[in-house]
1. Extending each Cα 7 Å along its Cβ direction at T107 and H147, get the distance between those two points in nm, one decimal.
2. Over the Cα atoms of the range 276-324, each weighted equally, I'd like the Debye log10 I(q)/I(0) at q = 0.29 Å⁻¹, rounded to two decimals.
3. Enumerate the lysines that K325 could reach by cross-link, defined here as Cα to Cα under 28 Å, with residues fewer than 8 away along the same chain left out.
4. What is the diffusion coefficient of the range 413-471 in µm²/s, taking the Kirkwood radius over Cα pairs and the Stokes-Einstein relation at 37 °C with a viscosity of 0.692 mPa s?
5. Working only with C-alpha atoms, what are the Rg and Dmax values of the range 125-234, expressed in angstrom?
6. Using per-residue counts of other Cβ atoms within 10 Å, averaged over each peptide, order 420-428, 451-459 from highest down.
7. In Å, the Kirkwood hydrodynamic radius of the range 311-469 over pairs of distinct alpha carbons?
8. Can you tell me which of 265-278, 137-150, 339-352 comes out highest on packing, and rank the rest after it, using the mean Cβ neighbours within 10 Å?
Amino acid sequence: MIRPCQERTQRKPKMTKKSPLPIRRAAVAAAAVALLAAAGLTHAAGTLTVCTESSPDGFDIVQYESLVTQDAAGLTLYDQLLHFKPGSTEVVPGLAEKWTVSPDGLTYTFTLRKGVKWHSTPWFKPTRDFDADDVLFSFQRMADKKHPAHGVAKNGYIYWTGMEMSSLVKSVTKVDAHTVRFELTRPEAPFLANIAMSSIGSISSAEYAAQLQKAGRLDALNTQPVGTGPFVFKSYQKDAVVRFTANKAYWGGAPKVDNLVLAITTDPNVRVQKLKAGECLIGTNMKPDTASVFDQDPNVKMLRSSPLLTAYIAPNHKRKFLSDKRLREALWLALDKKTYIQSVYGGNARPAASFLPPGIWSFEASLAERSNPAALDKARALVKASGYDGSELVIVTRIGGSIDGKRAAELMQADWARIGVKTRVQMMEWGELLKRTGKGEHDLTFLSWAGDNGDPDNFFTPNLSCSAVDSGGNKSQWCHPGFDALIATARKTADPKKRTELYRKAQKLVYDEVALIPTVYPVNMTALNKKVSGFVPSPFSWNDFRSVSVK
């Protein structure tokens, strides 16, 4: 459920014998660890403390697209009708224990689990178990603009809209208390995988929503969440910590830890110090250059994985000059990816040509990498042919994160200066960046997209379709009717071979039109204390704590 995750981190300082900077930084990091310990964030028996790199956007997961929000809400607080088998893209039963599909592919009937308990919190005491009414509420609030709870999503329903679910789902009806039926307007091959995504399929309590509506507080869905998931929300201190307790009544079996603590630690050096000190037992989305820090540490290991993840540059097609394919191609051609991969990722990435990552079916390996610093004369000719007049373009990057966003932007800036393209780097907070680039208020930005369900459509529709321009997911603002027709045909085609052919054509079209500029396929890094067991890396880049235990 994924989500774009900005390429991010701080610049690595130059270390010399004369410079006291590393000593000062270490002192600051140590002081920060001491303060966090004093605030009660130290590891205790039965508690899993996780260092995360930024704050969640909120807790009403269907409004959001970032991975940190997924970790704080998606599989933590909520359940979906269907789940993904841990570590794979296989769809398995969730709140629905079984389902049937009509021969024409238009009707899906789900049999719901009985006896599933809602979280009991200081702000809500459930009087009944999960049932069909909750499913209807959860989907109808997204689909029906007149629904009382629809407008509470101030951020909109970015995945629901961007993946064209409103035009797909004709109706959701209650057959009985434990059976629901979805009627579709057209066959949709990835439908089951789509509703397994937390950003679309998470189920909220209709009873709780009715209570909030009566009190005029429906916005509390985002601040005082209630779900059926493995952990119960306890508290959130902005930019500091999120606390959960185990849901002992969880239908899938109680979590193996009593408490889950997400310690929001934006400074990557502080995260390293906390991991080395044992204050955090897991560090998510770690900086590539921190891997060597733990090479000689007997207590912490760095887990490397290759998820369905592509980093890319999003040029705003609605902006002057960038609307010309020749300028976009020149920008791609001028990138020195060899230097970029070493400087930004510490060598832990591969150059990308297709927007689809290699691990996903239908990946087109024949697309040639365009980046070629030796062909700058060609790039300069393309710039000149595009009509670019030397105007300054702005590269927007986020503050904080798992790579050095400022450094990455400055490398792009230097590469593009060599072909006569003038740029300026603008730093921005993560939430503000997503909001503004979603509205097209940028020239260039760069992000990463982590697949949410293992289907190629999950890369294409939410990021490059015309509908995703309106939803805010399409940061390139690219709308191509021919591309939309290709992916629409692929979605309603059941034959995997035919779908593969269509998605290969779609990849080539994105490549030829330079709809966006794929940069790299990154390696995902997670730091694990030796006390942790049961952690399984996800192909979707999110973090699942349901089966994690602490020795």
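The values are calculated or read from the model by the stated rules, or taken from the named source; none is laboratory data. Note that the structure is predicted; figures quoted are calculated from it, not measured. Because the Cβ atoms are built from the backbone with ideal geometry, glycine has one as well, and the counts that use them run over all protein chains shown. Side chains included, ligands, DNA and RNA excluded: accessible areas come from the protein's heavy atoms. Shrake-Rupley method; radii C 1.70, N 1.55, O 1.52, S 1.80 Å.
1. With each label point 7 Å from Cα toward Cβ, the separation is 2.3 nm.
2. Each listed q maps to, in turn, -1.19.
3. Those lysines meeting the cut-off are K337, K338, K378, K384, K406, K422, K435, K439, K475, K505, K508.
4. Working: Rh = 13.8 Å.
Estimated diffusion coefficient is 238 µm²/s.
5. 14.0, 42
6. Values: 420-428: 16.6, 451-459: 26.0.
Ranking, from highest mean packing down: 451-459, 420-428.
7. On the way: mean 1/r = 0.0605 Å⁻¹.
Result for the range 311-469 stands at 16.5 Å.
8. Working: 265-278: 22.2, 137-150: 17.4, 339-352: 18.9.
Answer by packing, highest mean first, reads 265-278, 339-352, 137-150.
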